[in-house]
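Asker: Take a look at this one; I'll ask things after.
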Amino acid sequence: ELHVEQGPLLESYHIPIGVVRAVVGIASYWVAFLGQANHAGTTPMNMRRDALSGAVEFHRRINDWIQLNPGGVVTVGDMDVNPGAFNIVPGRVRLALEFRHSKAAALKKMASSFLDIGKAVAKEMGLVFTAERISWDAPVSLSEDIVDIIRQEADVLGYAYRLMDSGAGHDAQILAQKIKAGMIFVPSIAGKSHCPEEKSHWRDIEKGAQLLLNSTVRLMME
C-alpha cells in the first residue's frame, strides 16, 4: 500500500520514503472522575471535591508517564464537564482517552499504567474514578519479506528511506492478518492529514509510485 505518512517525520528528516514495518495498536476508553457539585462561591477550596481538578491532574500525569516511557502516544481528545456553569464546582468530568503503540505488550502496559494513575489521582483527591473500554485494536507487524524487498528496490533506485512504524491505521494492517502485506510512505507537508491543508510534493509521490511499481514487479518474480 502506498500512502502519505500523515505525520511530520519524513519531512523533518528530508527523507522521501518511509518503509513501514508495523502499524500501531489503538486503544480507546471513556474515563470519568466523579466528585461533588457545589456552590462555587460558598465552598472553600480545601473542602471541594472538584472533578475537573482530578481530570487535569490525570492528564498531566499520563503525559509525564509517556515522556518517561517513550515509544507510544497518548491523547485526551474530548473533555465533558458537568454541570458546566460559571458558579458550580464541577461534579463530573468525562474524558476521551486514546493511546497507541506498535508493540502489544507495551500497549497493555500503557492501559494498566493509565488506569492505575486514574485510581491514584481519585484516591488522593477524594474522587471516584471509572473507566470503560471502547475499542482495542492490536498492533500488526508487516511482512519482513516485503519490507526487505521494498528496502532493496529503494537502494536500487537511489532513494533515501527511513524504516518506521505507522502511527495511523491502514488497510494494510487488516490485510496483514491474512496475507503478506507491506507499506510505503511519502512525506506529508507539515504533517497535515485529514484536513484541507493535507498535501504532498509531486516529486515525493512520483518516487513512492515508482518504488511501489518496482517492488510489485519484484514480488511477481519471486
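Asker: Return the FRET efficiency for the residue pair Glu132, Trp65: r is the Cβ-Cβ distance, R0 is 22 Å, and the value is rounded to the nearest 0.05. Can you show the working numbers first?
Answerer: On the way: r = 21 Å, r/R0 = 0.93.
Step by step, r from the Cβ atoms, then E = 0.60.
Asker: Test of understanding: express the Cα radius of gyration of the range 1-61 as a ratio to 2.2 N^0.38 Å, with N the residue count.
Answerer: Working: Rg = 21.9 Å, N = 61, 2.2 N^0.38 = 10.5 Å.
In units of the 2.2 N^0.38 Å rule of thumb, it is 2.09.
Asker: I would also like to ask the following. So what's the back-of-envelope 222 nm ellipticity for the chain, counting only DSSP H runs of four-plus at -39500 (n - 2.57) apiece and dividing by all residues, rounded to 500? List each step's numbers first, then the result.
Answerer: Values: 6 runs with 84 residues, N = 222.
So the helix-based figure for the chain works out to -12000 deg cm²/dmol.
Asker: Here's something else I'd like to know. Please compare each pair in Lys103/Lys123; Lys103/Lys178; Lys119/Lys192; Lys108/Lys199 to a cut-off of 28 Å on the Cα-Cα distance and tell me which ones are over it. If you can, show how the numbers build up before the last one.
Answerer: Working: Lys103/Lys123 31 Å; Lys103/Lys178 19 Å; Lys119/Lys192 35 Å; Lys108/Lys199 34 Å.
Pairs exceeding 28 Å: Lys103/Lys123; Lys119/Lys192; Lys108/Lys199.
Asker: Sticking with this structure for a sec: Would you calculate the separation in nanometres between label points at Ala160 and Cys195, each defined as 7 Å from the Cα along the Cα-to-beta-carbon direction?
Answerer: Result for the modelled spin labels: 2.6 nm.
Asker: If you add up the charges near Arg94, with Lys and Arg at +1 and Asp and Glu at -1, over every other residue whose beta carbon is less than 10 angstrom from its beta carbon, what do you get?
Answerer: Working: positive: Arg92; negative: Asp78, Asp80, Glu132.
Its environment carries a net charge of -2.
Asker: Right, another one. Write down, largest first, the equivalent ellipsoid semi-axes of the range 83-151 in whole Å, where each equals the square root of 5 times an eigenvalue of the alpha-carbon gyration tensor. Present the calculation step by step, with values, prior to reporting the outcome.
Answerer: Numbers: eigenvalues 301, 40, 15 Å².
Rounded to whole Å, the semi-axes are 39, 14, 9.
Asker: For the range 175-222 and the range 97-118, what is the separation of their C-alpha centers, rounded to whole Å?
Answerer: 29
Asker: Quick one: Debye curve from the alpha-carbon atoms of the chain only, equal weights, vacuum; give me log10 I(q)/I(0) at q = 0.16, 0.18 Å⁻¹ to two decimals.
Answerer: With one equal scatterer per Cα and no solvent, log10 I(q)/I(0) is -1.03, -1.18.
Asker: Whole percent per 10 Å bin, from 0 to the bin with the longest distance: what is P(r) over all C-alpha pairs of the range 92-222?
Answerer: For the range 92-222, the pair-distance distribution reads 10, 29, 28, 18, 11, 5, 0.
Asker: Separate question: Need the C-alpha centroid separation for the range 146-161 versus the range 1-63, integer Å.
Answerer: Measuring centre to centre over Cα atoms gives 36 Å.
All of the numbers you see were taken from the coordinates with simple rules; none came from a lab. Keep in mind that what you see is a predicted model, and the values were worked out from it rather than measured. All Cβ positions, glycine included, derive from the backbone under ideal geometry; neighbour counts span all protein chains shown.
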